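The values are calculated or read from the model by the stated rules, or taken from the named source; none is laboratory data. Please read these numbers as outputs of a predicted model, since none were measured by experiment. When we count neighbours, we look across all protein chains shown, and the Cβ atoms used for this are built from the backbone with ideal geometry, even at glycine.
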Amino acid sequence: MTHRIIAGGTGFIGQYLVKKWLQAGIEVTIIGRSLKKIQRMYGDTVNAVTWDELPTVSQTLFRNVELVLNLAGANIGSARWSVARKNLILESRTHTTQQLCELLALLGDKAPTLYNASAVGIYGLATHPTQQLPPAVDEDTPIAFQTYPDFLSTVARQWEFATHASKAHGVYVLNLRFGVVLGHGGGALSRLLPSFRLGLGGPIGDGNQAFSWIHIDDLANIIEFLLQHPEVHGAVNIVAPECVNQRTFAKTLGKVLHRPTCLKTPAWVLHLAFGDMADELLLSGQHVKPKRLEALAYPFQYPRLLDALTECIKGK
Ligand SMILES: NC(=O)c1ccc[n+]([C@@H]2O[C@H](COP(=O)([O-])OP(=O)(O)OC[C@H]3O[C@@H](n4cnc5c(N)ncnc54)[C@H](OP(=O)(O)O)[C@@H]3O)[C@@H](O)[C@H]2O)c1
């Protein structure tokens, strides 16, 4: 029986994947902070291990495992970015990744494959004064610290960097750079839907910021696809081919919901409400291309935003 391990399996993406994997007859072990939380969510359908227990059980646990998927990290958009919150966002990613990588490195090239979450924020902030999207970036675009000093880029670079030592020990690692993940019942869409359903949604700031996204079904299928392509190394952008600006995103969501989207939210209101977080999460974005996936001819199920949003809303 195929066995996969997932860290952060209780979150939005994790819950979707665990359900899918269990349906496919895959044995699943979840690494998390609380056994009770995992058991409350999944009962005895999964195995559960805490981060504290991991060092004592890892050498047995990692045997005959096909994949370790690490999604763990404090949620980026759920609380205002105080200094303490920023430290938590960073350290909850780098520490969990380091712990996993150190344990996997002990097994060297006998270690299971590690797919470690990352984000398109790594490419740095791109504000753009016109309605045209900014120039696209892809996995081959150099990421220069001096050019992208913003918080999310720093977090993602350190998150990916934390996997490098294990790569040097022979562990096969992919860094999955997720765009905004669209799916039912969680993530960015669940935060946006209440206001859009009331007809209060619309462009944020000037609406020109790029919005790179992926439907959660594609995210799940891409994981299966990449497992069949061990020739891929390094970073993989997990985004749909059609990037839009935020104005188009708002308009498309309004269209799917049959609601107007004329209400603009000025940038200053967002600054007041969310501080730095508004600049990085809401008022800027990245135009990211899935170059590796396109080179491998991955067949996107939802290449177009309209279809992706229609499916997400229909599934509610
Ligand atoms: N959703 C998106 O649109 C998106 C886009 C780009 C990147 N990503 C990245 O993909 C990963 C998964 O996303 P998601 O939306 O599923 O996130 P999520 O719903 O916030 O879940 C993340 C999981 O991380 C664990 N976690 C939370 N705080 C933690 C802490 N302080 N220390 C260690 N673990 C902690 C939790 O599991 P336990 O409580 O069981 O420990 C939680 O279930 C995240 O790292 C996120 O940054 C997501």
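Key figures
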{"item": "Tally, over region 278-316, of residues that are closer than 21 Å to G121 by Cα, modelled with pLDDT under 95 and assigned to a loop (DSSP other than H, G, I, E, B)", "result": "3"}
{"item": "Boolean, L69 is assigned to a strand (DSSP E or B) and more than 8 Å from the ligand (Cβ to nearest atom)", "result": "yes"}
{"item": "Of the criteria (1) closer than 28 Å to G14 by Cβ; (2) touching a residue at least 40 places away in the same chain (Cβ under 8 Å), which one P266 fails", "result": "(1)"}
{"item": "Count of region 92-127 residues which are near the ligand (Cβ under 8 Å from one of its atoms) and under 17 Å from the mean Cα position of the chain (by Cα)", "result": "8"}
{"item": "Those residues of region 179-205 which are within 12 Å of the ligand (Cβ to nearest atom) and crowded, with 23+ Cβ neighbours inside 10 Å, in sequence order", "result": "G179, L182, G183, L189"}
{"item": "Single unsatisfied condition, S153 versus (1) polar (S, T, N, Q); (2) within 14 Å of the ligand (Cβ to nearest atom); (3) surrounded by fewer than 21 Cβ atoms within 10 Å (Cβ to Cβ); (4) within 27 Å of P203 (Cβ to Cβ)", "result": "(3)"}
{"item": "Pair list, Cβ < 7 Å and 6+ apart or interchain, from region 80-109 residues that are within 22 Å of H271 (Cα to Cα) to residues that are surrounded by 15 or more Cβ atoms within 10 Å (Cβ to Cβ) and aromatic (F, W, Y)", "result": "R80/F274; K86/F151"}
{"item": "Residue count for region 111-135, restricted to those that are surrounded by fewer than 16 Cβ atoms within 10 Å (Cβ to Cβ) and either in contact with a Leu (Cβ under 8 Å, 6 or more places away or on another chain) or in contact (Cβ under 8 Å) with a residue 12 or more places away in the chain (or both)", "result": "5"}
{"item": "Selection count where residues are modelled with pLDDT of 95 or more, of a type outside the set (A, V, I, L, M) and over 22 Å from H128 (Cα atoms), scope region 198-220", "result": "3"}
{"item": "Residue among T60, T97 that alone is assigned to a helix (DSSP H, G or I) and more than 26 Å from H215 (Cα to Cα)", "result": "T60"}
{"item": "Odd one out for H184 among (1) outside any helix (DSSP H, G or I); (2) closer than 18 Å to Y115 by Cβ", "result": "(2)"}
{"item": "Hey, V171 more than 11 Å from the ligand (Cβ to nearest atom), at pLDDT 95 or above and either outside any helix (DSSP H, G or I) or within 15 Å of the chain's Cα centre (by Cα) (or both) or not", "result": "yes"}
{"item": "Of all residues in region 1-45 being more than 10 Å from the ligand (Cβ to nearest atom) and surrounded by 19 or more Cβ atoms within 10 Å (Cβ to Cβ), the one that is nearest to R93 (Cα to Cα)", "result": "I5"}
{"item": "Hey, N245 within 19 Å of S118 (Cβ to Cβ), surrounded by 21 or more Cβ atoms within 10 Å (Cβ to Cβ) and in contact with a strand residue (DSSP E or B) (Cβ under 9 Å, 6 or more places away or on another chain) or not", "result": "no"}
{"item": "Residue list for region 223-260, filter: part of a loop (DSSP other than H, G, I, E, B), over 17 Å from A308 (Cβ atoms) and among the β-branched types (V, I, T)", "result": "V232"}
{"item": "Residue among N208, N237 that is surrounded by 20 or more Cβ atoms within 10 Å (Cβ to Cβ), closer than 22 Å to P303 by Cα, within 12 Å of the ligand (Cβ to nearest atom) and in contact (Cβ under 8 Å) with a residue 24 or more places away in the chain", "result": "N237"}
